[in-house]
1. Is the range A:9-111 best put as rounded, prolate or oblate by its Cα gyration tensor, with a ≥ b ≥ c the root eigenvalues, rounded for a/c under 1.5, and otherwise prolate when a/b is larger than b/c, oblate when not?
2. Along the Cα→Cβ direction, 7 angstrom out, place labels at B:ARG138 and A:VAL142. What is the inter-label distance in nm?
3. May I ask you to derive the relative contact order of the range B:139-289, considering only C-alpha pairs under 8 Å and at least 6 residues apart, and to give it as an integer percent?
4. Where Rh denotes the Kirkwood radius from the mean inverse Cα pair distance, what is Rg over Rh for the range B:1-99?
5. Provide the net charge surrounding B:GLU41, with neighbours chosen by a C-beta distance below 14 Å and charges set as Lys +1, Arg +1, Asp -1, Glu -1.
6. Work out which residues of the range B:210-239 lose at minimum 30 square angstrom of accessible surface when the other protein chains are put back, relative to the chain isolated, with a 1.4 angstrom probe, and list them by number.
7. Near A:ARG171, within a Cβ-to-Cβ distance under 10 Å, what is the net charge of the other residues, with Lys and Arg +1 and Asp and Glu -1?
8. Which of the residue pairs B:LYS133/B:LYS156; B:LYS67/B:LYS211; B:LYS133/B:LYS211 have a Cα-Cα distance greater than 20 Å in the structure shown?
Amino acid sequence: MPDETLLSARGLSLRFGAIPALIDVDADLWPGEVLAIAGESGSGKSTLLNVLSGRLTPDDGVVWYRDTQAKLQDVHAMPQPALRALHRSDWGFVQQNPRENLRMGVSAGGNVGERLMAQGSRHYGRIRDQAADWLTQVEIDVARIDDLPRTFSGGMLQRLQIARTLVTHPRLVFMDEPTGGLDVSVQARLLDLIRGLVRRLDIAVVLVTHDLAVARLLAHRIMVMQRGRVVESGLTDQVLDDPQHAYTQLLVSSVLQA
Amino acid sequence: MTRIEGYNFAYLDEQTKRMIRRALLKAVAIPGHQIPFGSREMPLPYGWGTGGIQVTAAVLGQQDVLKVIDQGADDTTNAVSIRRFFARTAGVRTTTHTSEATIIQTRHRIPEHPLTENQIIVYQVPQPEPLSKLESSRVETTRMHGLAEYGLMHVKLYEDITRYGHVAISYDYPVMVAGRYLMAPSPIPAFDNPKMHQMPALQLFGAGREKRLYAVPPYTDVRSLDFDDHPFRATRAPHACGLCAATDSYLDEIVTDDRGGRMFVCSDTDHCETRRARGHVGAQALAAE
């Protein structure tokens with residue numbers, strides 16, 4: 001593992017009125033690594049994801065990102081255009097509900113091609129070829145390239161969102177419950193797909209999930225959060241096989257054994 | 001025609017004209033960028049050219065010669081009314097000849113006769129925001145303009161090519177001005193877009209209801225959006241004008257009877273009349289008289 005982190009957070013704190021959403025959170029992410037943030041709802045997982053990705057500004061603390069020129073950038077001090085450019089190219093964001101990210105009135109090909117066009121791609125044929133290539137990679141039939149997303153199933157929508165996000169070859173992808181709301185067999189297939197893509201393309205992922213099985217399948221390391229604090233973190237297998245903190249033990253023991 | 005009493009020259013009071021001129025100076029300084037202005041109530045309804053008429057009033061001088069066209073024609077209600085409005089409130093000379101005019105107010109066309117450095121063309125604009133159909137939030141489109149994020153517009157072009165095999169925008173075809181701002185050229189046909197590129201005349205745009213002004217200074221690059229492998233093409237009806245036989249002008253299709261009879265004629269009436277005066281005769285010219 002390289003010694004230089006891709007993303008580092010130190011002392012993140014954020015309050016929503018009287019409610020502390022994050023309390024003194026540190027996090028590190030190395031290139032190509034998958035980091036899971038686990039915990040029950042309301043524990044601050046999604047807030048942490050939004051702060052790490054610069055979509056929310058913390059009251060306190062700093063997030064450093066090492067850009068493609070190996071320069072450290074303070075994510076929350078970056079000018080708005082630079083941050084938006086980062087979100088369009090080097091970063092990706094996969095939402096739990098793909099409808100929030102996709103343009104439902106635009107064909108699958110247009111959805112995948114949008115980030116390319118936003119980056120200045122102006123060759124219709126090449127944009128289309130890349131869109132077709134990505135649809136294949138996420139196991140969507142290329143014949144559906146001109147269909148509107150509203151004719152797609154939930155699992156297909158999620159895969160389309162992933163294609164749309166990965167088309168610019170981001171180095172870092174934030175995922176918020178990517179398998180939430182899908183039935184179990186579709187979940188398994190999607191997890192398999194994400195694991196394959198992430199490994200092959202060497203993408204670093206920050207993954208928010210309440211599902212420890214998802215974390216175990218995908219993540220190298222895990223952070224367990226409770227009421228805005230990180231209560232335990234470490235290698236996924238280590239944390240899940242031998243939980244130290246009482247809350248982690250509770251989480252692990254409450255998973256149904258199939 | 002003599003001026004009517006009780007009104008300031010060209011209807012608007014001088015303070016309003018100064019306000020509009022200040023906005024216009026700003027617009028010329030930032031080509032293609034929309035400038036807000038305090039649009040006034042005018043004695044005609046929104047959608048009939050309240051923006052254009054205010055811009056014309058603000059730039060009109062006593063020596064100016066005014067031409068007003070509507071869909072290329074000098075003789076339609078909108079054109080006749082606005083021309084008469086300025087004849088009565090400013091007492092300026094009016095004309096229907098493109099080459100004689102110093103200010104041309106237009107709705108939906110650019111004259112076929114090339115404009116010169118001594119002319120100003122004023123466009124009436126219903127919707128100044130080129131992204132309005134794709135992004136309804138003003139806040140968001142302002143941000144997109146600020147950061148020059150125009151990928152969304154290309155998504156629209158991509159969708160058109162995918163669905164119809166070509167870009168299916170026949171009027172108000174979006175353009176990039178001076179390589180920076182995406183601009184709505186007002187509802188002129190895409191056929192007229194190339195005329196805006198490096199035009200010697202000053203181009204001013206007024207949207208009265210939306211309270212926005214913008215401008216393209218003389219000799220500015222105006223490029224219609226396209227893809228490298230699907231370049232922009234100006235299209236026109238593949239016919240010759242029935243009256244003057246022109247094959248290079250923009251044509252209107254006119255229904256002539258209730259038995260399916262129709263003819264194509266120049267939408268620019270001045271262009272057509274000038275050609276006919278020079279002896280060009282179209283296939284249906286005799287029947288039309």
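1. On the way: a/c = 1.78, a/b = 1.25, b/c = 1.42.
Oblate, because a/c is 1.5 or more while a/b does not exceed b/c.
2. So the two model labels end up 4.7 nm from each other.
3. Relative contact order comes out at 16 percent.
4. Ratio of gyration radius to Kirkwood radius: 0.96.
5. On the way: positive: B:ARG40, B:ARG209, B:LYS211; negative: B:ASP13.
It works out to a net charge of +2.
6. B:PHE227, B:ASP228, B:ASP229
7. -2
8. Working: B:LYS133/B:LYS156 10 Å; B:LYS67/B:LYS211 24 Å; B:LYS133/B:LYS211 18 Å.
The pairs that break the limit, which is 20 Å between Cα atoms, are B:LYS67/B:LYS211.
The values are calculated or read from the model by the stated rules, or taken from the named source; none is laboratory data. Keep in mind that what you see is a predicted model, and the values were worked out from it rather than measured. Cβ: placed from backbone, ideal geometry, glycine included. Neighbour counts: every protein chain shown. These area figures cover heavy atoms from the full protein model, side chains too; ligands, DNA and RNA do not enter into them. Shrake-Rupley method; radii C 1.70, N 1.55, O 1.52, S 1.80 Å.
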